[in-house]
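> Sharing a structure below in structure tokens format, with a few things to ask.
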Amino acid sequence: MSRPAPAPELHAGFSAPGATPTPWEVVVGVLASAELFWISTVRAGGRPHVTPLPAVWRDGALYFCTGSGEQKALNLRANDQCALTTGDNRWKAGLDVVVEGRAERVTDDELLRALAEMWKTKYDGDWQYDVRDGAFHHEPGVAHVFEVRPRKVLSFAKGEFAQTRFRFGG
């Protein structure tokens with residue numbers, strides 16, 4: 001379920017003079033089209049863990065999948081807080097976006113089928129999953145799917161340099 005668009009808050013201290021906040025619609029465009037995200041989680045001992053992964057944006061949330069024995073899955077079992085980051089590695093061009101939230105496991109087969117189709121379409125057939133028993137299934141094994149509804153989103157427009165924050169309830 002989509003939530004109303006959050007109000008943008010420009011952080012003047014980290015923005016160029018005269019910068020304007022990035023509109024939410026522009027941020028959503030980046031989240032929907034980005035092919036690669038970096039997920040940051042925390043290990044049981046407190047050390048960070050960061051790894052790249054594909055993800056899809058649907059109805060106001062990011063979705064990713066992982067095997068149950070992978071480090072990010074182990075970390076999320078102990079601490080469901082995470083950040084997903086995407087953007088452009090150029091200094092004076094593009095928009096970088098950070099999504100902070102809680103990763104919640106998705107087990108509803110109907111939603112999983114819709115997400116599997118999104119992965120297949122977005123990634124030109126590179127990711128194809130069968131859905132059953134509340135998970136994705138493919139040749140390497142079972143993948144659990146997680147939903148991250150944003151609690152806070154930061155966008156960093158480069159060139160004009162504008163840091164915009166969006167806050168969500170919860």
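The values are calculated or read from the model by the stated rules, or taken from the named source; none is laboratory data. These numbers were taken from a predicted model, which means no experiment stands behind them. So basically every Cβ, Gly included, is an ideal-geometry build from the backbone, and we count neighbours across all protein chains shown. Surface areas here come from the heavy atoms of the whole protein model, side chains and all, with no ligands, DNA or RNA. Shrake-Rupley method; radii C 1.70, N 1.55, O 1.52, S 1.80 Å.
> When ligands, DNA and RNA are left out and all protein chains stay put, how many square angstrom of accessible area per residue does the chain have with a 1.4 Å probe?
53
> Would you rank His137, His11 by solvent-accessible area, highest first, keeping every protein chain in place and using a 1.4 Å probe?
His11, His137
> Another question, then. Which one, His137, Thr22, Met118, projects farthest toward the positive side of the charge dipole computed for the chain from Cβ point charges (K/R +1, D/E -1)?
The residue sitting most towards the positive pole is Thr22.
> Here is a follow-up. Say the dipole of the chain comes from +1 at the beta carbon of Lys and Arg and -1 at that of Asp and Glu; which of Thr51, Gln163, Leu76 then lies farthest toward its positive end?
Gln163
> Which residue fluctuates the most in the chain, going by a Gaussian network model with Cα springs under 10 Å, if the choices are Val97, Val148, Val26?
It is Val26.
> For the chain, set up a Gaussian network in which alpha carbons nearer than 10 Å are linked by springs, and say which option among Lys122, Lys92, Lys158 fluctuates the most.
Top of the fluctuation ranking is Lys92.
> If the cut-off is a Cα-Cα distance under 24 Å, which lysines reach Lys122, setting aside same-chain residues fewer than 8 apart in sequence?
Within reach: Lys72.
> To the nearest 20 debye, what charge dipole does the chain have about its Cα centre, counting +1 at the Cβ of each Lys and Arg and -1 at the Cβ of each Asp and Glu?
Charge dipole of the chain: 680 debye, to the nearest 20.
> Another question, then. Only sites in a loop by DSSP and with at most 11 other Cβ atoms within 10 Å count here; which chymotrypsin sites (Phe, Trp or Tyr not before Pro) in the stretch 132-163 make the cut?
none
> When N counts the residues of the stretch 1-137, how does its alpha-carbon radius of gyration compare numerically with 2.2 N^0.38 Å, as a ratio?
After normalising by residue count via 2.2 N^0.38 Å, the value is 1.15.
> Take the solvent-accessible surface of the protein heavy atoms, probe 1.4 Å, and return the percent of it on the chain that carbon and sulfur atoms account for.
Accessible surface attributable to carbon and sulfur in the chain totals 52 percent.
> Determine which residues of the stretch 42-72 fall in the zone a paramagnetic label at Leu36 would reach in this model, i.e. backbone nitrogen under 11 Å from the point 7 Å along Cα→Cβ.
52-54
> Follow-up question, since we're still on this one. When the dipole is taken about the Cα centre of the stretch 30-112, and only Lys, Arg (+1) and Asp, Glu (-1) are charged at their Cβ, what size is it in debye, to the nearest 20?
Computed about the Cα centre, the dipole is about 460 debye.
> Can I ask one more? Could you name the lysines in cross-link range of Lys158, using Cα to Cα under 20 Å and dropping any fewer than eight places away on the same chain?
The qualifying lysines are Lys92.
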